[in-house]
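The values are calculated or read from the model by the stated rules, or taken from the named source; none is laboratory data. No experiment lies behind these values; they were computed from the predicted model shown. Here the Cβ is made from the backbone with ideal geometry for all residues, glycine too, and neighbour counts use every protein chain on show. All accessible areas refer to the heavy atoms of the entire protein, side chains included, with ligands and DNA or RNA removed. Shrake-Rupley method; radii C 1.70, N 1.55, O 1.52, S 1.80 Å.
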Amino acid sequence: MVTLDDLPLRDDLRGQKPYGAPQAPLPVALNVNENTHPIPAEVADDIAESVAKAVSGLNRYPDREFAELREGFASYLGHGLAADQIWAANGSNEVLQHVLQAFAGPGRSAFGFAPTYSMYSLLVRGVGSTWIAGERGARFELEPGDAARQVREADPDVVFLCAPNNPTGTRLPLDVVEAVYEAARGIVIVDEAYVEFAGDEQPSAITLLPGRERLLVSRTMSKAFAFAGARVGYLAADPAVVDALRLVRLPYHLSAVTQAAASAALRHSETMLRTVSDIVVQRDRISATLEALGYDPYPSASNFVLFGGVDDPADTWRRLYDRGVLVRDIGIPGHLRVTAGTEAETTAFLDALAALRDA
Ligand SMILES: *Cc1c(COP(=O)(O)O)cnc(C)c1O
């Protein structure tokens, strides 16, 4: 049997593991922070109609500059943003990859405060850059002075700030963004994948964009927006940054089907985001119940909860799996992460966990 070792693979990819959150067909899947509420029927119908219209034109390449979609994101984000400050791609993972291709690359480095989103280091290695992991406080918090000091010492070409942070749920005060920006020589990207769940706890770094041409704010339709399957992420930045990303994207990277679906979904943004408050209620119920069960949940400004006090995470993960509940073992000793689902899914998780304790 041929293995990777038999192939002329890049040396720096040898021994690497691909992103691998399990995709198991379990009844209660709470492992990748999706919005588990299905898309409302009236919105699904309108999206289907828009996609159907796009289909008859699929003989032609799509609008390479996705003008309508960029207008849609600019007006959705507000803050006086214009379409030339918007970029989008197939998931914010691809947006982040474009940023790294343009501003990192071989011989350069990128930095993030660990533990953080596991895709950062994979994307960084994928473009031939070095990943540098910084440190967080005892409860995974960041403080402006210390964060700036770490960035100054590492002197990276790109800094990732995840706000709120995945997998810990930790909010990121804006004074940390300001301090890191001042300390950094290179690009600072604030990943706001979960910001819609944070309310007042996590003001958007979009307010900091004016006058900071190295600051980028990325978002996704995969989480609060309940559109993970469509693969659409976007960012806001100086128009010159957007020009830089054009140098590395593949031509026509956003298909006509994707553009039509995303623009239609954006027209219904209020409806698409209607489940956010329910999810926040379930998140807070998870935290309170975990605490009552004797676990140690971390404060979360997102749609998931990281909790410590798990003696054997791999064993607990497996026994929840056997009860039809999929959570995430993110590799932090003594911890697991769970997504806030519908009320019924959340109840199924909490009941299964309580049953394990009593077993
Ligand atoms: C889920 C997630 C994303 C979104 O990725 P997509 O490619 O847009 O689906 C981005 N950043 C973080 C921190 C995430 O957890």
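Data overview
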quantity	calculated
Checking D84 against (1) away from the ligand (no atom under 15 Å from the Cβ); (2) more than 20 Å from P239 (Cβ to Cβ); (3) open to solvent by 20 Å² or more (accessible area, probe 1.4 Å); (4) out of contact with any Gly (no Cβ under 7 Å at 6 or more places or on another chain), the condition it does not meet	(2)
Residue check, D315 part of a loop (DSSP other than H, G, I, E, B), open to solvent by 10 Å² or more (accessible area, probe 1.4 Å) and acidic (D, E)	no
Number of positions in the range 190-213 that are within 10 Å of the ligand (Cβ to nearest atom) and of a type outside the set (D, E, K, R)	2
Condition broken by L58, with the remaining ones in (1) touching a residue at least 40 places away in the same chain (Cβ under 8 Å); (2) within 16 Å of the ligand (Cβ to nearest atom); (3) not in a helix (DSSP H, G or I) satisfied	(2)
Filter result for R285 (in contact with a Phe, Trp or Tyr (Cβ under 6 Å, 6 or more places away or on another chain), farther than 29 Å from V51 by Cβ and not hydrophobic (A, V, I, L, M, F, W, C))	no
The one condition in (1) in contact (Cβ under 8 Å) with a residue 60 or more places away in the chain; (2) open to solvent by 20 Å² or more (accessible area, probe 1.4 Å) that I286 fails to fulfil	(2)
Sole residue being farther than 22 Å from D243 by Cβ, among the aliphatic types (A, V, I, L, M) and not in a strand (DSSP E or B), chosen from V124, V99, V95	V124
Answer from P164, P156 - the residue that is open to solvent by less than 10 Å² (accessible area, probe 1.4 Å), touching a Lys or Arg at 6+ places or on another chain (Cβ under 6 Å) and touching a residue at least 40 places away in the same chain (Cβ under 8 Å)	P164
Condition broken by V32, with the remaining ones in (1) β-branched (V, I, T); (2) crowded, with 18+ Cβ neighbours inside 10 Å; (3) touching a Lys or Arg at 6+ places or on another chain (Cβ under 9 Å) satisfied	(2)
Residue within the range 43-55 that is open to solvent by 50 Å² or more (accessible area, probe 1.4 Å), outside any loop (DSSP other than H, G, I, E, B), at pLDDT below 95 and over 26 Å from A236 (Cβ atoms) present	no
Filter result for the condition that a residue is away from the ligand (no atom under 13 Å from the Cβ), under 26 Å from V242 (Cβ atoms) and either outside the structural domain of Y19 (by TED's automatic domain parsing) or part of a helix (DSSP H, G or I) (or both), over R139, R185	R185
Within the range 332-349, tally of residues that are touching a residue at least 24 places away in the same chain (Cβ under 8 Å) and open to solvent by 10 Å² or more (accessible area, probe 1.4 Å)	7
Members of the range 249-271 that are in a loop (DSSP other than H, G, I, E, B) and open to solvent by 20 Å² or more (accessible area, probe 1.4 Å)	R249, L250, P251, Y252, H253, S255, H268
Members of the range 214-257 found to be within 12 Å of the ligand (Cβ to nearest atom) and not hydrophobic (A, V, I, L, M, F, W, C), listed by number	S218, R219, T220, S222, K223, G229, R231, G233, Y234
Hits in the range 88-108 (condition: more than 15 Å from the ligand (Cβ to nearest atom) and either out of contact with any helix residue (DSSP H, G or I) (no Cβ under 7 Å at 6 or more places or on another chain) or open to solvent by 30 Å² or more (accessible area, probe 1.4 Å) (or both))	Q101, A102, F103, G105, P106, G107, R108
Residue under evaluation Y19, criteria (1) open to solvent by less than 90 Å² (accessible area, probe 1.4 Å); (2) of a type in the set (S, T, Y); (3) touching a Leu at 6+ places or on another chain (Cβ under 7 Å), criterion not met	(1)
